[in-house]
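Taking it in order: structure first as structure tokens, then the write-up.
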Amino acid sequence: MNFHKNAFKAHEAAHCANDQDKYWEYNTLLFEHQQALEMAQLKSYARQLKLDTAAFDKCLESGKHTAKVQKNLDAGIAAGVNGTPAFFVNGIGLSGARPFEDFKGIIEGELAKR
């Protein structure tokens, strides 16, 4: 499975931001700047959020969350995820940006089984 070349490190950076209770704020910046995920840019987002940049940089450079990100990636692959976004509705996978009707159909079908 091919990912954006900087996606893995960006995920690590989000976990480093989470160490300072800023995961969602950092995640928002990553999505707003999906084409700007080099190491220097990842660090600049931490400064923008006024994180403790020394702690953030140490976390990111040390690979503190590498194993966690790899475990999540492996779990996604094992579940059949082959891209993002990916959704599961009652165990039924949907890959890619999908219209509301796709979700509605699955949900209604699953509810009808009750």
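I need a count of the residues in the stretch 4-29 that are over 23 Å from residue 82 (Cβ atoms) and in a helix (DSSP H, G or I).
Summing the residues that are over 23 Å from residue 82 (Cβ atoms) and in a helix (DSSP H, G or I) in the stretch 4-29 gives 10.
From the list 14, 40, pick out the single residue that is surrounded by 15 or more Cβ atoms within 10 Å (Cβ to Cβ) and either out of contact with any Leu (no Cβ under 7 Å at 6 or more places or on another chain) or not hydroxyl-bearing (Ser, Thr, Tyr) (or both).
Going through 14, 40 in turn, the sole match is 14.
Contact list please: Cβ distance under 6 Å, first residue in the stretch 35-48 and under 13 Å from residue 8 (Cα atoms), second residue surrounded by 14 or more Cβ atoms within 10 Å (Cβ to Cβ), pairs at least six apart or on different chains.
Close Cβ pairs (under 6 Å, with a partner that is surrounded by 14 or more Cβ atoms within 10 Å (Cβ to Cβ)) amount to 37/6; 37/10; 42/13.
From the list 27, 18, 90, exactly one residue is free of Cβ contacts under 8 Å to residues at least 24 places away in the same chain and touching an Asp or Glu at 6+ places or on another chain (Cβ under 6 Å). Which is it? Write out each step before concluding.
On the way: 27 fails: touching an Asp or Glu at 6+ places or on another chain (Cβ under 6 Å); 18 fails: touching an Asp or Glu at 6+ places or on another chain (Cβ under 6 Å).
None of the others qualify; the one that does is 90.
I'd like the full set of residues that are within 15 Å of residue 4 (Cβ to Cβ) and assigned to a helix (DSSP H, G or I), limited to the stretch 30-40.
Those that are within 15 Å of residue 4 (Cβ to Cβ) and assigned to a helix (DSSP H, G or I): 30, 31, 32, 39.
Check off (1) part of a loop (DSSP other than H, G, I, E, B); (2) surrounded by 10 or more Cβ atoms within 10 Å (Cβ to Cβ) for residue 114 and give me the number that stays unchecked.
Condition (2) is where residue 114 drops out.
Against the conditions (1) of a type outside the set (D, E, K, R); (2) out of contact with any helix residue (DSSP H, G or I) (no Cβ under 8 Å at 6 or more places or on another chain); (3) part of a loop (DSSP other than H, G, I, E, B), where does residue 51 fall short? Just the number, please.
Status for residue 51: all satisfied but (2).
Are any of the residues in the stretch 81-98 more than 24 Å from residue 4 (Cα to Cα) and surrounded by 11 or more Cβ atoms within 10 Å (Cβ to Cβ)?
yes
Read through the list (1) in a loop (DSSP other than H, G, I, E, B); (2) modelled with pLDDT under 95; (3) more than 15 Å from the chain's Cα centre (by Cα); (4) surrounded by 12 or more Cβ atoms within 10 Å (Cβ to Cβ), then give the number of the only condition that residue 64 fails.
(2)
Of all residues in the stretch 75-111, which are in a helix (DSSP H, G or I) and either more than 18 Å from the chain's Cα centre (by Cα) or of a type in the set (D, E, K, R) (or both)?
Across the stretch 75-111, the qualifying residues are 100, 101, 102, 103, 104, 105, 106, 107, 108, 109, 110, 111.
The values are calculated or read from the model by the stated rules, or taken from the named source; none is laboratory data. Source: prediction; values computed, not measured. Heads up, the Cβs are rebuilt from the backbone with ideal geometry, glycines too, and the neighbour counts pull from every protein chain shown.
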